[in-house]
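To keep things clear, I will list the structure first and then write my remarks on it.
The values are calculated or read from the model by the stated rules, or taken from the named source; none is laboratory data. Because the structure is predicted, anything quoted here is derived from the model rather than measured. All Cβ positions, glycine included, derive from the backbone under ideal geometry; neighbour counts span all protein chains shown.
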Amino acid sequence: MQQGQNRITQLFNIQYPIVQAGMIWHSGWRLASAVSNCGGLGLIGAGSMYPDVLRENIRKCKQATDKPFGVNVPMLYPNLDEVIQIILEEGVNIVFTSAGNPKTYTETLQKEGVKVAHVVSSTKFAIKCEEAGVDAVVAEGFEAGGHNGRDETTTFCLIPNVKKHISKPLIAAGGIALGSQMKAAMILGADGVQIGSRFAATPEASAHDNWKKKITELQEGDTHLTLKELAPVRMVKNKFFHDLEDIYNTGRNKDLLIASLGRARAKKGMFEGDMEEGELEIGQVSALIDDVLPVEKVFNNLLEEFRNTGNPIL
Ligand SMILES: Cc1cc2nc3c(=O)[nH]c(=O)nc-3n(C[C@H](O)[C@H](O)[C@H](O)COP(=O)(O)O)c2cc1C
């Protein structure tokens, strides 16, 4: 292995083992190409895109970078077969699937030469990924923004356990915005990191400016993992969140919960900028994000902090 290379940089043919998470309403071609141009792996988030919008984003990303990039396919949303077809037609050769069964698309994609990573929130599902033959596993802790598992296992506890049970390249996600956190994740056994929240607060992210500003104001304790019965998701405790809590407190009516949700609420909040009625997905690490910074600056900070972190006490 070349100096400065590891299993993740080799697998995806990138310079640094830093993956920008696929994020609904944030990760279009601008964000993905900016991260890839810095030497990481940018991912276009297909979850909030109609199939033709995804195709357009892939084409624009190819024009904006000659470096590798991928597409994230959360299996919660409709049109999945069409999305996979577009990815293959457009010649994208890296896919991160999430929120579903790793067996569903791994073989189909790999047969066409696509490298597949799958996102999980537990060791049990990481083992299933390995059985499904994925090329890499993303293990995402309880701290993470967006959809998550029910078990509340933190990144600090999850990564060493997944590492003990699988041999595939491992990417840590959840609670990573600083170089020190990246280094900690890699000391725990990860070969690379996937970062969401930190990249959400960049000019290149396609989210609304109200939301980016809000991210920089969030404090410890301002997010909560809710909706465990449906699809657990970490979000800001705004009016929309409290309305959901009221439904819980008056008898947990599942139909009412479903009616309050839908992609429309996430779009209303993060894309259209309604900070009260919209769903605002973000990780606990938002308490450490104080500025909207260009991707290049985020990247340079991460690398510098990574190199300078270390506390030789013992
Ligand atoms: C605004 C937002 C949207 C997200 N959307 C998706 C998504 O579409 N698909 C997915 O697999 N994960 C999604 N996630 C989770 C991220 O991919 C990533 O694993 C997570 O953000 C990592 O934790 P961090 O936020 O602490 O960095 C989202 C996270 C955020 C903050």
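Remarks
- Odd one out for VAL114, checked against (1) farther than 21 Å from LYS163 by Cβ; (2) buried (at least 19 other Cβ atoms within 10 Å of the Cβ); (3) within 16 Å of the ligand (Cβ to nearest atom): (3)
- Residues that are among the aliphatic types (A, V, I, L, M), within 22 Å of GLY192 (Cβ to Cβ) and assigned to a helix (DSSP H, G or I), drawn from the stretch 258-314: VAL285, LEU288, VAL295, VAL298, LEU302, LEU303
- So GLY175, is it modelled with pLDDT of 95 or more and part of a loop (DSSP other than H, G, I, E, B): yes
- Number of residues in the stretch 196-230 that are loosely packed, with under 13 Cβ neighbours inside 10 Å and under 17 Å from GLY22 (Cα atoms) equals 0.
- Residue ID - surrounded by the fewest Cβ atoms within 10 Å (Cβ to Cβ), chosen from residues in the stretch 143-155 that are closer than 18 Å to ALA231 by Cα and near the ligand (Cβ under 10 Å from one of its atoms): HIS147
- Scanning the stretch 99-149 for residues that are hydrophobic (A, V, I, L, M, F, W, C), more than 21 Å from GLN10 (Cα to Cα) and not in a helix (DSSP H, G or I) yields ALA99, VAL120, PHE142, ALA144.
- For the stretch 39-76, a tally of residues being surrounded by 24 or more Cβ atoms within 10 Å (Cβ to Cβ) and more than 16 Å from ILE87 (Cβ to Cβ) returns 1.
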